[in-house]
Amino acid sequence: MADAVLRAIRREPDADEHNAIRELWKRHSIAEEQRDLPGLLSTLTPDCVYELVQTGHRWEGHEGATRFYLGLLRAFPDVDFQLSGIVIGPQGVCEEAEVTGTHEGEWLGIEPSGERLVWQVAIFFPWDAQQRLFEGERVWTAGLPLPG
């Protein structure tokens with residue numbers, strides 16, 4: 001793991017790659033906003049991993065990413081991400097956002113409350129330079145009651 005971190009730190013920025021990463025993130029975000037699951041999956045490596053860091057929940061591959069998004073959208077059909085910060089580099093994208101959504105369906109074993117919730121997220125989209133796609137998302141949340 002330490003070797004992988006050192007390699008990531010030592011990656012030199014490249015303008016063309018930076019533009020590719022930014023454009024892919026924009027495609028991903030637009031697809032998410034439009035609920036375009038095939039478009040969203042097209043931005044991810046086949047072996048992508050989605051992870052909620054605090055709980056250890058993981059979804060692997062395109063099938064797992066599909067389950068993650070369908071579960072989130074069933075639970076919060078009106079979910080809305082308002083970007084509040086972003087960093088793009090040769091390692092990928094890190095974004096911060098305020099999220100709102102009405103909890104209308106079960107999610108991660110939590111029964112729906114019917115309440116409109118507001119929470120913060122930080123999401124890291126690791127970049128796969130060979131495939132020129134994201135390896136998934138690592139999500140940290142604050143203000144959202146999650147199972148321990």
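The values are calculated or read from the model by the stated rules, or taken from the named source; none is laboratory data. Please read all numbers here as calculations on a predicted model, not as lab measurements. Heads up, the Cβs are rebuilt from the backbone with ideal geometry, glycines too, and the neighbour counts pull from every protein chain shown.
Brief remarks on what is shown
- Where a residue in region 118-133 is within 12 Å of G92 (Cβ to Cβ) and its partner, wherever it lies, is surrounded by fewer than 19 Cβ atoms within 10 Å (Cβ to Cβ) and of a type in the set (D, E), with Cβ under 6 Å and at least six apart: P126/E135; D128/E135
- Filtered residues of region 100-113 (kept if in contact (Cβ under 8 Å) with a residue 24 or more places away in the chain and either in contact with a Gly (Cβ under 6 Å, 6 or more places away or on another chain) or part of a strand (DSSP E or B) (or both)): G101, T102, W107, I110, P112
- Here A31 meets the list (1) under 18 Å from A97 (Cβ atoms); (2) crowded, with 16+ Cβ neighbours inside 10 Å; (3) touching a strand residue (DSSP E or B) at 6+ places or on another chain (Cβ under 8 Å) almost entirely, failing just condition (3).
- Taking the criterion of being in a helix (DSSP H, G or I), farther than 14 Å from G136 by Cβ and of a type outside the set (S, T, Y), the residues of region 23-71 that qualify are E23, K26, R27, I30, A31, E33, L37, P38, G39, L70, G71.
- Every residue from region 68-119 that is at pLDDT 95 or above, among the polar types (S, T, N, Q) and loosely packed, with under 14 Cβ neighbours inside 10 Å: Q82, S84
- Condition check for E63: closer than 28 Å to I110 by Cβ and either surrounded by 17 or more Cβ atoms within 10 Å (Cβ to Cβ) or aromatic (F, W, Y) (or both): no
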